[in-house]
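All remarks here apply to the structure that follows.
Just so it is clear, none of the values below were taken in a lab; they were calculated from the coordinates. All of these numbers come straight from a predicted model, not from anything done at the bench. Counting neighbours? That spans all protein chains shown, and the Cβs are built from the backbone with ideal geometry, glycine included.
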Amino acid sequence: MTDLTLCTLNCNGIRAAKKRGFHKWLRKTNPDALALQEVRARPEQVDDEDISPAGYNSRWVIAEKKGYSGVAMYSKLDVDRYSVGTGLGWSDAEGRYLRTDFEAGFSVCSLYLPSGSSSEERQTSKYAFMDHFMKFARKLLKEERPIVIVGDLNIAHENIDIHNPKSNAKSSGFLPDERAWFTKLLKQGWVDVFREQHGDDPGKYSWWSNRGRARELDRGWRIDYALASPQFAKLVTDCWIEKDAGLSDHAPVWTRFTAP
């Protein structure tokens, strides 16, 4: 039996993360697979080590709009194939989804769910994606394969996943309809791996606003997840949030599991 580590990180721009020590962190932590969201760069804008760090296979999915969104996968494991997009045209153009099927017999999907905080129009788009992805996720479960969806879902699910639930009850990312959608996703059969491992522990956040000393005071949101199919959930042995990585306004979220 082989233990593997999977990490997910919204890097808030791979170039910005690099300035904050991304490559040193990667060498030190040494994940077997790393899913990134919001890379916000094109290959011609970065160095070779950013595109494919030493020892890793890589695949990037870039948004059509420059400096925006984008997801990636770095892996030390042998890959069978990559699949890009969920079939929703405008979100695929924003580079929000990458699935990696590994030869070992499991799959990792890097997802960057849209944010609705900038405008009512973007909130409407977020809801449209959520409706689309609910159906898409159900199809994934029907494969009966070890699959895990990791990434920035831009939703804090329960009161314990946000510092001040009362004052944020009308904030995008914690709206009743968003939270109900998340509950419905879990009822499909997806397992919130962190909660499965840590129960109702409060104060476990993965993102902090850059305003109001939120990071310093640990006034955060848990919006970065590992959602496992039942087949993958059986393989998981631990999940944790690396709060002190300092690479982004998000923290890396780690999952340790046994290879199928």
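Data overview
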item: Failed item in (1) in contact with a Cys (Cβ under 8 Å, 6 or more places away or on another chain); (2) free of Cβ contacts under 8 Å to residues at least 40 places away in the same chain, with W254 passing the rest; result: (2)
item: Test result for H157, closer than 23 Å to C11 by Cα and either in contact (Cβ under 8 Å) with a residue 60 or more places away in the chain or of a type in the set (V, I, T) (or both); result: yes
item: Selection within region 130-159 - in contact with a helix residue (DSSP H, G or I) (Cβ under 7 Å, 6 or more places away or on another chain), of a type in the set (K, R) and not in a loop (DSSP other than H, G, I, E, B); result: R138
item: All positions within region 49-101 that are among the hydroxyl-bearing types (S, T, Y), touching an Asp or Glu at 6+ places or on another chain (Cβ under 8 Å) and under 18 Å from D152 (Cβ atoms); result: Y68, S69, T86
item: Restricting region 28-50 to residues that are small (G, A, S) and touching a residue at least 60 places away in the same chain (Cβ under 8 Å), the residue that is farthest from A17 (Cα to Cα); result: A33
item: Failed condition for E144, given (1) over 27 Å from F102 (Cα atoms); (2) in contact with a Pro (Cβ under 9 Å, 6 or more places away or on another chain); (3) among the acidic types (D, E); result: (1)
item: Strands (runs of 3 or more DSSP E) completely within region 44-89 that count 1 or more residues being surrounded by 18 or more Cβ atoms within 10 Å (Cβ to Cβ) and out of contact with any Pro (no Cβ under 6 Å at 6 or more places or on another chain); result: 57-61, 71-75
item: Candidate set from region 1-12 (those that are in a loop (DSSP other than H, G, I, E, B) and not hydrophobic (A, V, I, L, M, F, W, C)); member that is surrounded by the most Cβ atoms within 10 Å (Cβ to Cβ); result: N12
item: Tally, over region 13-43, of residues that are crowded, with 21+ Cβ neighbours inside 10 Å, of a type in the set (G, A, S) and in a helix (DSSP H, G or I); result: 1
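Here's the yes/no breakdown for (1) in contact (Cβ under 8 Å) with a residue 12 or more places away in the chain; (2) under 27 Å from F102 (Cα atoms):
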site: Y205; (1), (2): yes, no
site: S209; (1), (2): yes, no
site: G212; (1), (2): no, no
site: Y225; (1), (2): yes, yes
site: K243; (1), (2): yes, no
site: D249; (1), (2): yes, no
